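Q: Encoded as structure tokens, here's the structure I'll be asking about.
The values are calculated or read from the model by the stated rules, or taken from the named source; none is laboratory data. Being a predicted model, the structure only gives us computed values, none of them experimental. FYI the Cβ positions are ideal-geometry reconstructions off the backbone, even for glycines, and counts take in every protein chain you see. Note: accessible area is taken over every heavy atom of the protein model, side chains too, but ligands, DNA and RNA are not part of it. Shrake-Rupley method; radii C 1.70, N 1.55, O 1.52, S 1.80 Å.
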Amino acid sequence: MVRLFVNVDHVATLRQQRAVAYPDPVVAAALCELAGADGITVHLREDRRHIQDRDVRVLRETVRGVFNLEMAALPEMVDIAIATKPHFCTLVPERRAERTTEGGLDVLGRRADLAMVVKRLSGAGIGVSLFIDPDPAVVRASAELGVGTIELHTGDYCDAAPGDDERRQLSRLAVGARAVVESGLRLAAGHGLDYRNVAPVAALPHMEELNIGHGLIARAVMLGMERAVAELKGIIAAAAAGGAG
Ligand code: PXP
């Protein structure tokens, strides 16, 4: 079964637009779980543009399934993670000026510093996932750091023009996914996925988790959270059943 983790950051984006108390990502997370989401993901950014520290603390108490905290590999964030103890942390690159997470972690360039962060989180009993581009060399370097999960960045696939470009990006993902499985790591993917483009990614052999935020929240604004989650779960389940894994 491919599990759906809903990223509720953009519920908080709407709240922060007016600096009020609603809509509440904690309520959104509960609705997602009631509708069948297997876990909840949030990204606590250094600039706190959407999710706030309190959201992380409350979600840790209220999420019934898996709680995945995305964060930059910075000492401040590691301290928060160790104090909060999410089920796992996904380490992501972060640039202040970016609109969203652009590109995967520079694992080859930051080995020593990432090794330290992975050691601190693992030592606190928190599972670690790295968000990387689908490049086998980066997958192998990540495996050497002792993480349990790799989340492949699907942004290039999602941005690709339909046809050859999209097929090329999908085969890049398939190659990266094979390297993850051959390294003995759990395979996850995310970024830019939505109702239209998720099926081929869900059908990749051994895919275990998809982290989906913007596309799902955008749909929920129009149709309601329950319907948005249930529809996406249905598409993922059908694709995974038709795929090889
Ligand atoms: N996975 C990771 C590691 C991310 O950083 C993000 C965006 O915060 C997502 C998945 C979700 O991306 P989207 O909002 O485009 O679905």
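Q: By how many nm would the segment from Ala137 to Thr100 lengthen if fully extended, with 0.36 nm per residue of separation less the alpha-carbon distance? Numbers along the way, then the final one.
A: On the way: separation 37, 0.36 × 37 = 13.32 nm, distance 2.44 nm.
Length gained, Ala137 through Thr100: 10.9 nm.
Q: Mind checking the full-extension length gain between Ala199 and Asp24? Use 0.36 nm per residue of separation minus the Cα-Cα distance, one decimal, nm.
A: Values: separation 175, 0.36 × 175 = 63.00 nm, distance 2.93 nm.
Length gained between Ala199 and Asp24: 60.1 nm.
Q: Could you let me know the centre-to-centre spacing of segment 148-195 and segment 203-245, using Cα atoms, in angstrom?
A: Taking the Cα centre of segment 203-245 as reference, the centre of segment 148-195 is 15 Å away.
Q: Also, quick follow-up: Cut-off 19 Å, label point 7 angstrom out along Cα-to-Cβ of Ala230: give me the residues of segment 23-63 whose amide nitrogen falls inside.
A: So the set is 28-39.
Q: Further, regarding this structure: For segment 163-204, rounded, prolate or oblate, judged on the Cα gyration tensor with a ≥ b ≥ c (square roots of eigenvalues), a/c < 1.5 rounded, else prolate if a/b > b/c? Working shown, then result.
A: Working: a/c = 2.70, a/b = 1.48, b/c = 1.82.
Cα axes put segment 163-204 in the oblate bin.
Q: Give the relative contact order (percent, whole number) for the chain; include only Cα pairs under 8 Å separated by 6+ residues. Walk me through the intermediate numbers first.
A: Working: 483 pairs, mean separation 47.8, N = 245.
Relative contact order, the chain: 19 percent.
Q: Another one. Output ³J(HN,Hα) for segment 73-86: one whole-Hz value per residue in order, computed from phi by the Karplus curve 6.51 cos²θ - 1.76 cosθ + 1.60 with θ = phi - 60°, and x for Gly and Pro.
A: Karplus values, whole Hz, x for Gly and Pro: 7, 10, x, 4, 5, 5, 4, 5, 4, 5, 6, 9, 6, x.
Q: For the chain, what is the calculated [θ] at 222 nm in deg cm²/dmol (nearest 500), taking -39500 (n - 2.57) for each run of four or more DSSP H residues and dividing by its residue count?
A: Here the helix-only value at 222 nm equals -14500 deg cm²/dmol.
Q: Continuing with the same structure: Hey, if you drop one equal point scatterer on each alpha-carbon of the chain and run the Debye formula without solvent, what base-10 log of I(q)/I(0) do you get at q = 0.15, 0.16 Å⁻¹?
A: The calculated log intensity ratios at q = 0.15, 0.16 Å⁻¹ are -1.03, -1.18.
Q: Looking only at Cα atoms, what is the convex hull volume of segment 1-82 per residue, in Å³?
A: Taking the convex hull of the Cα positions in segment 1-82, it is 92 Å³ per residue.
Q: Sequence gap at least 6, Cα distance under 8 Å: using those rules, report the relative contact order of segment 32-160 to the nearest whole percent.
A: On the way: 202 pairs, mean separation 25.1, N = 129.
Worked out over segment 32-160, it gives 19 percent.
Q: Over the chain, give the accessible area per residue in Å² for a 1.4 Å probe, as an integer.
A: Details: 11030 Å² over 245 residues.
Heavy-atom SASA per residue in the chain reads 45 Å².
Q: What percentage of the solvent-accessible surface of the chain, computed with a 1.4 Å probe over protein heavy atoms, is contributed by carbon and sulfur atoms? Can you show the working numbers first?
A: On the way: 5960 of 11030 Å².
Summing carbon and sulfur atoms, their accessible area is 54 percent of the total for the chain.
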